[in-house]
Structures are given as structure tokens and as C-alpha cells.
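The values are calculated or read from the model by the stated rules, or taken from the named source; none is laboratory data. Just so we're clear, the structure is a prediction, and the values are computed from it rather than from any experiment. Cβ coordinates were reconstructed from backbone atoms using ideal geometry, including for glycine residues, and neighbour counts include every protein chain displayed. In case anyone asks, the SASA skips ligands and DNA or RNA and just uses the protein heavy atoms, side chains included. Shrake-Rupley method; radii C 1.70, N 1.55, O 1.52, S 1.80 Å.
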Amino acid sequence: MGTYLGEVPAAGEPMRVASCVEWLLAPNPSAWTFEGTNTWIVGVPGGSTCAVIDPGPDDARHVEALRRAVGRRSVSTVLITHDHDDHHGATDAVLRWSGATLLDATAAARRSVTVADGIDATVLSTPGHTRDSVCILLPAHREIFTGDTILGSGSPMVRPSLMADMLRTLRTLAELGARSHVTVRPGHGPVLDSLADAAKRRLAARLRRIAQVAALTDEDSGLTVDELVTAMYPNLTDPDVRRAAASSVEAIQRYLAASEPVGSEARA
């Protein structure tokens, strides 16, 4: 999973974790969000502007904590890693009080954009968790904000039609991390010190799960998705987490059915 860099901060208490990054945890812990959603403030100490990555849920306490953390700085840009309420629910409130611009991630993909006080970011299309998922790279600072594409611990749900996309995304991120050391700032959970390591481990975990489904399917057992989840995750009892696992299992089934080379790859 990569090495954890420190503990998750207390909700509502901003923590500077790098020369241009502050971390603010939202007060929305759950089986889906773990300790809560991570909101990231990008800006140099003493700078006049900053950017906000994933403003978090529509929660007045979190919005006020973000406002206090920003202080006298102007929020120049708001960026969203994917369209889930726990990441973008506070966007409208933040835009109203800050006057910031919401970056169109699709339009910005693969090009450099200045987000705050000379800090440049590159938006990378990284579908898998959702079709619209992106990661936001700060090349000069070797920081990447991964939303739910790479979590601080565990693996995110994959939409049923997006397993092939998730595998391609993880390979791309592993290659990016292999070229230069990059720190991972995830949408949930603690920071990871190595993008290459985190992406490779998660890719290996996905391939192991694909192999597991393939083996169970080869037995021609006629197992339902729910029965496959029980067989693969015997200790998983939380109904919300089981639904997430079921989505990923269904994604594996579709992936195996769609492409012949996948079976041999999954067993490698």
C-alpha cells in the first residue's frame, strides 16, 4: 500500500503536510468514506491565492472550517476529482463565498494549468472508480491528488463497465510514478509516499481478484454475484461495503466475458 506519512488529521483542523499542500478532513466518517473525505488546499505559505481540490460534502461545519483554513487568501481555482457528493457537495457554497473558478477537468486534461501563485497542475483522466475520475498532478512538487482512484488504504469500488479502464489507469499511474518519485494525496485515508508502489500494489490486488473470480467461474458453480462476494470476502458483513464489493465483482465478470487475453493475464 505504500508507506503511510503520518496520521489522518482531526476533522476540521487543517494541517500543512507539504510546502504547498494543506490537508482538511471533513466530518463525514462512514463505511464508504473511512475517516472522512480529504479536502486539499494548494498554495505556498504566505501566498495570496490558493486552490481547493475536492471541497468535500455539503456540510456547513466543513465549509466553515475550509473558509477559516483559507483565511485571507483568494481561492483562485476549485478542482474536483470525480462527481460524488462527498467530494463535490460543498462546491457551490465554496464558489459563492470565494468567487473562485471551477476548473473544467475535461477541458484541462493533459495540459498544464496555473492554479495558484505560480503552481502548475496537470489533470490526468483516470477512469475506473467512475468514468469521470481524474487525478491532479503537481509536476514541479511531485504531488498527485488521486480522489478515489487510489485510496490511502484499501481499494475503491469499480463501476461494472469500467474494470478494463481501472487496470489501464493503474498501469499508467505506476509508469508515471516509476519515472519520478510522487507522493499520493488520496480522497480518503492517509497519505502514501510512493505513487509507483501504491499503483503497482493495487494493480496486483485487482489481478488477484480477477483470477479468483475466473477460478470460481471455471468451476461452473453458477454462483450469483452475492454468493461470489460471500466466497471472496467471507468476513464482509456491512451491507454498504458488500454493495461496493458486488459492483467490483460484477465489473470483473464483465471484464472476463469481454476479452480473451484477460483470463491468461489474470492468472499470471
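Any residue in the range 93-109 that is open to solvent by less than 30 Å² (accessible area, probe 1.4 Å), closer than 26 Å to R142 by Cβ and not hydrophobic (A, V, I, L, M, F, W, C)?
Within the range 93-109, not a single residue is open to solvent by less than 30 Å² (accessible area, probe 1.4 Å), closer than 26 Å to R142 by Cβ and not hydrophobic (A, V, I, L, M, F, W, C).
Take the residues of the range 187-208 that are aliphatic (A, V, I, L, M) and assigned to a helix (DSSP H, G or I): which is surrounded by the fewest Cβ atoms within 10 Å (Cβ to Cβ)? Before you say what the answer is, go through the steps one by one.
Residues of the range 187-208 that are aliphatic (A, V, I, L, M), as a first pass: 191-192, 195-196, 198-199, 203-205, 207.
Cutting the leftovers down to assigned to a helix (DSSP H, G or I) gives us 195-196, 198-199, 203-205, 207.
Values: L195: 28, A196: 19, A198: 27, A199: 28, L203: 18, A204: 11, A205: 14, L207: 17.
So, considering only residues that are aliphatic (A, V, I, L, M) and assigned to a helix (DSSP H, G or I), the one surrounded by the fewest Cβ atoms within 10 Å (Cβ to Cβ) is A204.
Can you list the helices (runs of 4 or more DSSP H) found entirely within the range 209-268 that contain at least 2 residues being surrounded by 14 or more Cβ atoms within 10 Å (Cβ to Cβ) and at pLDDT 85 or above?
Working: elements: 225-232, 239-258, 260-266.
Output list reads 225-232, 239-258.
Can we say T183 is buried (at least 16 other Cβ atoms within 10 Å of the Cβ), of a type outside the set (A, V, I, L, M) and modelled with pLDDT under 90? Walk me through how you get there before you give the answer.
On the way: buried (at least 16 other Cβ atoms within 10 Å of the Cβ): yes; of a type outside the set (A, V, I, L, M): yes; modelled with pLDDT under 90: no.
So T183 fails the test.
Looking at the structure I just gave you, is R202 under 29 Å from V17 (Cα atoms), of a type outside the set (G, A, S) and free of Cβ contacts under 8 Å to residues at least 24 places away in the same chain? Talk me through it step by step, then tell me what you get.
Details: under 29 Å from V17 (Cα atoms): yes; of a type outside the set (G, A, S): yes; free of Cβ contacts under 8 Å to residues at least 24 places away in the same chain: no.
Judged against the criteria, R202 is not a match.
From the list I144, I150, I136, exactly one residue is modelled with pLDDT of 95 or more and closer than 27 Å to V249 by Cβ. Which is it? Reasoning before the result, please.
On the way: I144 fails: closer than 27 Å to V249 by Cβ; I136 fails: closer than 27 Å to V249 by Cβ.
When all the criteria are applied, what remains is I150.
Could you look through the range 138-173, keep only residues that are small (G, A, S) and in contact with a helix residue (DSSP H, G or I) (Cβ under 8 Å, 6 or more places away or on another chain), and pick out the one that is surrounded by the most Cβ atoms within 10 Å (Cβ to Cβ)? So that I can check it myself, show each step before the final result.
So in the range 138-173, the residues small (G, A, S) come out as 140, 147, 152-155, 161, 164.
This time we only want the ones that are in contact with a helix residue (DSSP H, G or I) (Cβ under 8 Å, 6 or more places away or on another chain), so: 147, 155, 161, 164.
Values: G147: 28, S155: 20, S161: 14, A164: 17.
Ranking the candidates gives G147 first.
I'm checking my understanding of the structure. Among residues of the range 26-64 that are among the small types (G, A, S) and assigned to a loop (DSSP other than H, G, I, E, B), which one is surrounded by the fewest Cβ atoms within 10 Å (Cβ to Cβ)?
The first filter runs over the range 26-64 and keeps only residues among the small types (G, A, S), leaving 26, 30-31, 36, 43, 46-48, 51, 56, 60.
Filter once more, keeping what is assigned to a loop (DSSP other than H, G, I, E, B): 26, 31, 36, 43, 46-48, 56.
Values: A26: 28, A31: 12, G36: 25, G43: 23, G46: 7, G47: 15, S48: 12, G56: 31.
Only one residue tops the list, namely G46.
Which of the residues belonging to the range 37-61 are within 24 Å of S153 (Cβ to Cβ) and more than 19 Å from the chain's Cα centre (by Cα)?
Answer for the range 37-61, where residues must be within 24 Å of S153 (Cβ to Cβ) and more than 19 Å from the chain's Cα centre (by Cα): just D59.
Which of (1) on the phi < 0 side of the Ramachandran plot; (2) crowded, with 19+ Cβ neighbours inside 10 Å; (3) of a type outside the set (A, V, I, L, M, F, W, C); (4) under 19 Å from the mean Cα position of the chain (by Cα) is the odd one out, the single condition R131 does not satisfy?
Single failed check for R131: (2).
In the range 19-48, how many residues are of a type in the set (G, A, S) and closer than 12 Å to V70 by Cα? Spell out the reasoning first.
Pass one, the range 19-48, residues of a type in the set (G, A, S): 19, 26, 30-31, 36, 43, 46-48.
Now narrow it down to the ones that are closer than 12 Å to V70 by Cα: 43, 46-48.
So the count comes out to 4.
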